[in-house]
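> If you scroll down you'll find the structure; I have some questions about it.
What follows is calculated from the coordinates using simple rules that are stated; it is not laboratory data. Keep in mind it's a predicted model, so treat the numbers as computed, not measured. All Cβ positions, even for glycine, are placed from backbone atoms using ideal geometry, and neighbour counts span all protein chains on display.
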Amino acid sequence: MEVKPLATRVILVRHGESTFNVEGRVQGHLDKSTLTERGLADARQVGSVLKDIAFDAIYCSPLQRAGQTAATLKQEMTAGPYPVPSIQVLDGLIEIGLPLWEGMTFTEVKANFPEQYQCWNTAPDQLCMELPDQAQPFYPVPALYEQAQRLWQDLLAKHANQTLLLVGHSGINRALLSTALGLTSDRYQRLQQANCNISVLNFPDGLQQKPQLETLNVTDHLGLPLPKWWRHYRSLRLILVRHGETEWNRRGQFQGQIDVPLNDNGRQQGQQAADFLKDVPIDFAISSSLARPKETAELILKHHPQVSLDLSEPLWEISHGTWEGCLESEIEIRYPGELERWRTMPEALQMPEGENLQQVWDRAIAAWEDIVATALATGKPEQTGLVVAHDAINKVILCHVAGLGPEYFWCFKQGNGAVSVIDFDAEGQPILQAMNITTHLAGGILDRTAAGAL
């Protein structure tokens, strides 16, 4: 059965592999590349995954590589139980314009525009192109972010409480994700988008409230459980996992630092995560020392017997103080209005006799940065580490990696047994490769794990 959307649901897909992708050429607005056979096959896989979701509208970029992708996946979706809407071409989904580079290989760009190429990789928002037919300098990334903001304003006003499919490109999809989450254009490289990946955004009230990123850059349907390393980030990969379900998660009972074990479903989720990651080389592993993440980590490491598990108290879940052991209904009676403050202004709430979010932030990020620094200090190439923790801890880490503050805490979903992937370059700069992968738990692209309390 389909999971009903949280108000407006938007599913973003990047086009399939193109001829220019294979040749290593800059595409931008240039409309000369078409899908390869692999690109077409991957688009069919996307359609197979999405066919059980009822869409109200499908939009695609005017460029042919996106149009081919949309048409191919739509054909596959006709085998599903729901009518498939017609594809509408939307100019706002066109890829980032890079007029001086389009058609060139990246090797040629690096040779002919060395300073600009460096800027593209390190400070993309500052990349400037002097165009002969324009009096003002052109800044491609800020222009793309303005384009994305206009698109959200138009689409969300038109499609309240509906489910949309958008087929675009790496650049525009990243700008859409970034502007929805409140990321500025200097964070353009922080979110990755692979060919034919799937990302899911939920908007509870258009642009009036912060959205929830349900999943990011999922590629499991393409035979890639985890996205490939990005070319500039091949030093360290951290796989961040939330523990499996507990009985208190299932009941919606706040557990915090009470040491609740996994239930049977949680152990199954831990085993599913273990099977999902069994072929991924793991060099080291760290877990919160509470029972539920520790048991989840131990299940995963059964496929990696050479890896020892280090335990960390700073990765413990947030202390809910006197809320711990309570259901939401009980908290509302004892502390009227405080649950709503927690849902809408988490950074402003002090848990009675417990922690506030800044305290959790300080200890979790210190532990996270220590993990990164320790791994990078070894100098080993392409290390992969496993970190298993809790809902609040993982949300804090994901906010930090993306460059967002505690007020964005609820923007990142973390299902029980979900997997996220963060890559680092040699200087310790992160990129969020994938987030909240749950395809190994219940099938399908949507997170079907229990909501549960923290």
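> Listing H15, H159, H29, H169 from the residue with the fewest other Cβ atoms within 10 Å to the one with the most, what is the order?
H29, H159, H169, H15
> Could I ask something else about it? Roughly what % antiparallel, to the nearest 5, for the DSSP beta bridges in the stretch 236-442?
In the stretch 236-442, DSSP labels about 50 percent of beta bridges as antiparallel.
> Now, a different point. Only counting other Cβ atoms within 10 Å, I'd like Y145, Y233 sorted with the fewest neighbours first.
Ranking Y145, Y233 by Cβ neighbours within 10 Å, fewest first, gives Y233, Y145.
> Need the list of lysines near K395 for cross-linking: C-alpha distance under 29 angstrom, and skip anything on the same chain fewer than eight residues off.
Cα-Cα hits under 29 Å: K4, K210, K228, K278, K294, K302, K380, K413.
> Roughly what angle does helix 264-276 make with the longest principal axis of the chain, taking Cα atoms, 0 to 90 degrees, to the nearest 10?
Result, in degrees: 40.
> Can you check what the net charge comes to around S170, using other residues whose Cβ is under 12 Å from the Cβ of S170 (Lys, Arg +1; Asp, Glu -1)?
That works out to +1.
> If you don't mind, there's one more thing I want to ask. Between beta-carbons, use under 14 Å as the cut-off and find the net charge around V280, counting Lys and Arg +1, Asp and Glu -1.
-2
> Write down the percent of antiparallel bridges among all DSSP beta bridges whose residues are both part of the chain, to the nearest 5.
Given both bridge residues lie in the chain, the antiparallel proportion sits at roughly 45 percent.
> Just to be sure I understand the model, the point goes 7 Å from the Cα along the line to the Cβ. What's the resulting N161 to A79 distance in nm?
3.4
> Which of rounded, prolate or oblate describes the stretch 258-301 when judged by the alpha-carbon gyration tensor and an a/c cut-off of 1.5?
Here the stretch 258-301 falls in the oblate category.
> Return one number: the angle in degrees, 0 to 90 and rounded to the nearest 10, between the long axis of the Cα atoms of helix 391-402 and the longest principal axis of the Cα atoms of the chain.
That helix lies at roughly 30 degrees to the long axis.
> Would you mind calculating the relative contact order of the chain from Cα pairs under 8 angstrom and at least 6 residues apart, reporting the percent as a whole number?
Reported as a whole number, the value is 18 percent.
> Next up: So what's the back-of-envelope 222 nm ellipticity for the chain, counting only DSSP H runs of four-plus at -39500 (n - 2.57) apiece and dividing by all residues, rounded to 500?
-10500 deg cm²/dmol, from helical runs alone.
> In whole Å, what three semi-axes, largest first, describe the equivalent ellipsoid of the stretch 284-348 built from its Cα gyration tensor (square root of 5 times each eigenvalue)?
35, 12, 9
> Please order I172, I437 by the number of other Cβ within 10 Å, starting at the fewest.
Listing I172, I437 from fewest to most nearby Cβ atoms yields I172, I437.
> Here's another thing I want to ask about it. Give me the extension gain from D56 to C119: residue separation times 0.36 nm, minus the current Cα-Cα distance, reported in nm with one decimal.
18.7 nm
> When a/c is below 1.5 the answer is rounded, else prolate if a/b is larger than b/c, else oblate, so apply that to the stretch 8-220 with a ≥ b ≥ c taken from the square roots of the Cα gyration tensor eigenvalues.
Judged from the Cα gyration tensor, the stretch 8-220 comes out oblate (a/c at least 1.5, b/c at or above a/b).
> Need one number: % antiparallel among DSSP beta bridges in the stretch 8-220, to the nearest 5.
45
> Give me the distance between the Cα centres of the stretch 173-243 and the stretch 363-437, rounded to whole Å.
Between the Cα centre of the stretch 173-243 and that of the stretch 363-437, the gap is 13 Å.
> Right, something else. Testing the spin-label approximation: label points 7 Å from Cα along Cα→Cβ at E37 and T19. State their distance in nm.
1.6
> Right, here's the next one. Any idea what angle helix 170-181 forms with the longest principal axis of the chain, computed on alpha-carbon atoms, 0 to 90 degrees, nearest 10?
Long axis of 170-181 versus the principal axis of the chain: about 40 degrees.
> Give me the one-decimal nm value for the distance between modelled label points at R341 and T378, 7 Å along each residue's Cα-to-Cβ direction.
Reported label-point gap for R341 and T378 is 4.4 nm.
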